[in-house]
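Note sheet for the following structure.
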Amino acid sequence: MAGLLRTRLGRPTNKRTVVALLLLLLAIGCTPMLLHQLDEQFGVADNTRYDKPTKPIVGAPEYWRDVRPVLEQRCTVCHGCYDAPCQQNLTSWDGIARGANAELVYGTNLRAVEPTRLFVDAQLPSEWRSKKFHPVLNERDDVREANLQGSVLYRVLDLKRKNPLPTAAILDAKVFDFSLDRKQTCPAIENMTAFEKDHAQWGMPFGLPALSSKEFATVESWLAAGAPVAVTPALPAAIQKQIVQWEAFFNGTALKQQLVNRYLYEHLYLAHLYFDEAPAKNRHFFRLVRSSTPPGEAIVEIATRRPYDDPAVKTFWYRLRLETGSIVEKTHMPYALNSARMAKWKKWFIDADYAVSALPSYAAEVAGNPFVAFQSLPVQARYRFLLDEARFIIDTFIKGPVCRGQVALGVIEDHFWVFFVDPDRMPPEETAEFLARESKNLRLPAEDESNAGVLDWLKYSRLQQAFLKAKAQALQKVIGNNNNLTLDLVWNGGADNDNAALTVFRHSDSASVVKGLVGQPPETAWLISYGLLERIYYLLVAGFDVYGSVGHQLNTRLYMDFLRMEGEANFLALLPRASRTAIRDFWYRGASDNVKQYLYGEHFNFAAETNIVYRTQQPQQELYSLLKARLGNNVPQEFSLTKESSKGIRTMVDRLQNVRGAGLAVFPQNSILRVDDAGQSHYFTLLNNSSYSNISQLLQADARRRPNEDYLTVVPGIIGAYPNAFFVATADNAMTFASMLKNMKTEADYTALADAFAVRRTNPDFWRFSDALHDYYAKQQPIASGILDYNRLENR
């Protein structure tokens, strides 16, 4: 036990320390003998080894040039988010050096847990060790054998090389569990021998084909050399100049400027900011962070749970921190910074005639309520800022840290359209006065921080009802008396903004937001005002803590019910008063008495009749057509099927677009279809929209399913971060694919379809398909594209 009983300096430890260490090792399932063997073979582990990374070695693969592309193509597709298996994030060298942690981020915590955000909550590998992360790189002697045999990363890749996937098309579910809530096995190096013996088929990539010989050799040589990495490549001079200009703007010292910048930060902290006036090839993205160091010095990011939490320092600066991790689709929300945007912000916020006499505090009841914290800022300015990139704002509800969206997404339909109230129809003084007066009723669950009680939502339910009653009275006064509830109430995007209409698709526990009115006319739609948009943002984004307690997350979900109903009610107000009840009743078939009491209350019986002229007996469908006409050219056609020029493929797509009914219940939620025609590949996303009698209940979703009302939406290009299945057809057999899907009724029918067309996870050409898909996506969307996530790929 000599290697165990001595420190790295060779000094003997005392007996009490040894006993404590032995008990700790036994508690974590690691025998002292295994540690002893590793220490004897490769020296005692030094958890500070990678605090100063190995510099590039002549002749060895280089991380940025050689290794990172392999990891992005083969590893990041499963290890790129908070819920990556074992929290192993492989989007950057820092994530590799940080290592793995068996604790689940998406657990049912009775109390909030400590955040573990890469680049935020710790910086050095040794700091992550104190947060229960174990290394996947060798932290013992820097020699080839130790760097390989002492590396979990190498051993799991080598395990797959030695034990390739079985040849069966579908993997044995008893061996391979792909469910999101599966029990995770996160071996440290001390447990690798047992892991290899017990789970020989679990090499990496898990449940996917192995790396090619060339790819494996590249990673192997890199790890053998000690995982060297060069400093982050220097930024181009044009980018550095932009950073200086924007950091100067974000750090203006006048009180007005400080309040504006606080507002901007709280809404942009999740954005991938980029300079679109720089050369297109410079695809650099930045995060807006709070730093304890000023511009010109190295950034020292201030870590807080929420963007509006107290930074706990007397002075801080807003800084642009380069995003050095791989760009993954599920967290990628690009936002352009340019001279035109700065001019808008100055016009709306800085040059406007108002005064700021004091800055708001960071107390939860103030900072967590934007109608209190930012009461001094003009309401029009705040709303125009949100509308300017409305798709981005809605996207933050779904992306960002919430890699698993059951909390928020169980409360929205699978497909709906979003419209916005025109800011010019919002009387600024009356609106500001109303929001200030009602701010007490606009409090949000985040005010209770991350450890809210499960029943706290009842308090917010009463506040919301009081607000809606006051809102109905105010609208009756402003709109009802003037009989001016017309299409002009809906924002059309002005001269050139294509954010005026958005489409949301839910894919079970994930979702996507795209510009335009995509797909068939949906069952429901939302009309969002400034107050509603701001509240949803502070509920689901700024105020949501993924590491919070189950009570906090449940309150968030329940409160979102109120906000969805409010958006739907706003849309219903545009319809003839006589038709609203029947449409509302259809949306909420089978809803509980409590929901009906809330939904059908006084605040939803808005008496004003619409002044929109309807000429048919289907007013909702007619309203959709009227809104399309109002938006005109501001409805993007990116996902329009009319773009498809091949007549044969267009016929196939039209047939798929008409697929409806219970047979879709066995079809994946989000699939990608590639159709090869004359040397050209056409990509389509197939979105399976599941229907429910209502979505106002937290549990028993299966009992509320209405599979006969399911329908398929087909769009050109890529939508969604988490594909469930891949299919390949040709122009010659595309109609066969469409016919089989249209006639599908049972699981056996789906199996037959998959046997003929699917690129299953066991397909020897899987990685070739994946590479071609990502190459297409990058060319289609050079700024907006990111690496897709394969954690939800089916095994069928």
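Each residue in segment 273-293 was checked for being without any contact (Cβ under 8 Å) to a residue 40 or more places away in the chain and either assigned to a loop (DSSP other than H, G, I, E, B) or loosely packed, with under 14 Cβ neighbours inside 10 Å (or both), and 3 of them qualify. For segment 62-70, indicate whether the set of residues that are more than 18 Å from Thr331 (Cα to Cα), part of a loop (DSSP other than H, G, I, E, B) and without any contact (Cβ under 8 Å) to a residue 24 or more places away in the chain is non-empty. No, segment 62-70 contains no residue that is more than 18 Å from Thr331 (Cα to Cα), part of a loop (DSSP other than H, G, I, E, B) and without any contact (Cβ under 8 Å) to a residue 24 or more places away in the chain.
Among the residues of segment 639-659, the one identified as modelled with pLDDT of 90 or more, closer than 19 Å to Trp417 by Cβ and not polar (S, T, N, Q) is Phe639. Picking from residues in segment 577-594 that are open to solvent by 30 Å² or more (accessible area, probe 1.4 Å) and part of a loop (DSSP other than H, G, I, E, B), the one that is farthest from Ser690 (Cα to Cα) is Ser592.
The residues in segment 717-772 that are part of a helix (DSSP H, G or I) and either open to solvent by 20 Å² or more (accessible area, probe 1.4 Å) or more than 25 Å from Lys643 (Cβ to Cβ) (or both) can be counted, and the count is 20. Just so you know, in segment 116-157 the residues that are open to solvent by 30 Å² or more (accessible area, probe 1.4 Å) and of a type in the set (Lys, Arg) include one that is nearest to Ile299 (Cα to Cα), and it is Arg117. In segment 73-95 there is at least one residue that is closer than 21 Å to Ser770 by Cα, modelled with pLDDT of 95 or more and either part of a helix (DSSP H, G or I) or charged (D, E, K, R) (or both).
Residues in segment 202-226 that are within 14 Å of Glu62 (Cβ to Cβ) and in a loop (DSSP other than H, G, I, E, B): Ala225, Gly226. His552 meets each of the listed conditions (1) open to solvent by less than 10 Å² (accessible area, probe 1.4 Å); (2) assigned to a strand (DSSP E or B) apart from (2).
If I filter segment 41-50 for residues that are open to solvent by 20 Å² or more (accessible area, probe 1.4 Å) and within 29 Å of Trp767 (Cβ to Cβ), do I get at least one hit? No, there is no match, as no residue in segment 41-50 is open to solvent by 20 Å² or more (accessible area, probe 1.4 Å) and within 29 Å of Trp767 (Cβ to Cβ).
The numbered conditions (1) closer than 25 Å to Val513 by Cα; (2) modelled with pLDDT of 95 or more are all true for Thr331 except (2). Restricting attention to segment 76-123, the residues that are without any contact (Cβ under 8 Å) to a residue 12 or more places away in the chain and in contact with a Ser or Thr (Cβ under 7 Å, 6 or more places away or on another chain) add up to 0. Taken over segment 51-86, the criterion of being hydroxyl-bearing (Ser, Thr, Tyr) and open to solvent by less than 50 Å² (accessible area, probe 1.4 Å) is satisfied by Thr54, Tyr63, Thr76. Looking at Tyr530, Tyr559, just one residue is surrounded by 23 or more Cβ atoms within 10 Å (Cβ to Cβ) and either out of contact with any His (no Cβ under 6 Å at 6 or more places or on another chain) or charged (D, E, K, R) (or both), and that residue is Tyr559. Before we move on, is Gly296 at positive phi and either open to solvent by 40 Å² or more (accessible area, probe 1.4 Å) or not in a loop (DSSP other than H, G, I, E, B) (or both)? Criteria met by Gly296. Looking across segment 178-191, the residues that are within 26 Å of the chain's Cα centre (by Cα) and buried (at least 16 other Cβ atoms within 10 Å of the Cβ) come down to Phe178, Cys186. Checking each residue in segment 639-675 for being buried (at least 16 other Cβ atoms within 10 Å of the Cβ), of a type in the set (D, E, K, R) and either assigned to a strand (DSSP E or B) or in contact with a strand residue (DSSP E or B) (Cβ under 8 Å, 6 or more places away or on another chain) (or both) picks out Glu644, Arg660, Arg674. Of note, Phe385 does not satisfy the criterion of being among the aromatic types (Phe, Trp, Tyr) and modelled with pLDDT under 95. Look at (1) under 20 Å from Asp177 (Cα atoms); (2) free of Cβ contacts under 8 Å to residues at least 12 places away in the same chain and you find that Arg760 fails only one, number (2).
Each residue in segment 437-446 was checked for being in a helix (DSSP H, G or I) and open to solvent by 30 Å² or more (accessible area, probe 1.4 Å), and 2 pass. Against the condition in contact with a Phe, Trp or Tyr (Cβ under 7 Å, 6 or more places away or on another chain), aliphatic (A, V, I, L, M), modelled with pLDDT under 95 and buried (at least 19 other Cβ atoms within 10 Å of the Cβ), how does Val105 come out, does it pass? Spelling it out, Val105 is indeed in contact with a Phe, Trp or Tyr (Cβ under 7 Å, 6 or more places away or on another chain), aliphatic (A, V, I, L, M), modelled with pLDDT under 95 and buried (at least 19 other Cβ atoms within 10 Å of the Cβ). The C-beta contact set for segment 635-655 (first residue under 27 Å from Gly493 (Cα atoms), second residue outside any loop (DSSP other than H, G, I, E, B) and open to solvent by less than 20 Å² (accessible area, probe 1.4 Å), distance under 7 angstrom, 6+ apart or interchain) comprises Phe639/Val514; Phe639/Val715; Leu641/Val653; Leu641/Val714; Glu644/Val653. Among the residues of segment 338-371, the ones that are assigned to a helix (DSSP H, G or I), at pLDDT 95 or above and open to solvent by 40 Å² or more (accessible area, probe 1.4 Å) come to 8 in all.
Checking the stated criteria, Leu211 turns out not to satisfy the condition of being of a type in the set (A, V, I, L, M, F, W, C), touching a Lys or Arg at 6+ places or on another chain (Cβ under 8 Å) and at pLDDT below 95. Screening Ala629, Ala582 for residues that are within 30 Å of Leu699 (Cα to Cα) and modelled with pLDDT of 90 or more leaves exactly one candidate, Ala582.
Only residues that are assigned to a loop (DSSP other than H, G, I, E, B) and touching a residue at least 12 places away in the same chain (Cβ under 8 Å) were counted in segment 227-242, giving 8. Selection of first residues in segment 680-705 that are more than 20 Å from Glu523 (Cβ to Cβ) and of second residues that are open to solvent by 50 Å² or more (accessible area, probe 1.4 Å) and modelled with pLDDT of 90 or more, restricted to Cβ pairs under 7 Å at least 6 apart or on distinct chains, gives the following pairs, ordered by first then second residue: Ser681/Tyr776; Tyr683/Tyr776.
The values are calculated or read from the model by the stated rules, or taken from the named source; none is laboratory data. Remember, predicted model here, so these are calculated numbers, not experimental data. Cβ sites come from the backbone with ideal geometry, for glycine too, and all protein chains shown count toward neighbours. Side chains included, ligands, DNA and RNA excluded: accessible areas come from the protein's heavy atoms. Shrake-Rupley method; radii C 1.70, N 1.55, O 1.52, S 1.80 Å.
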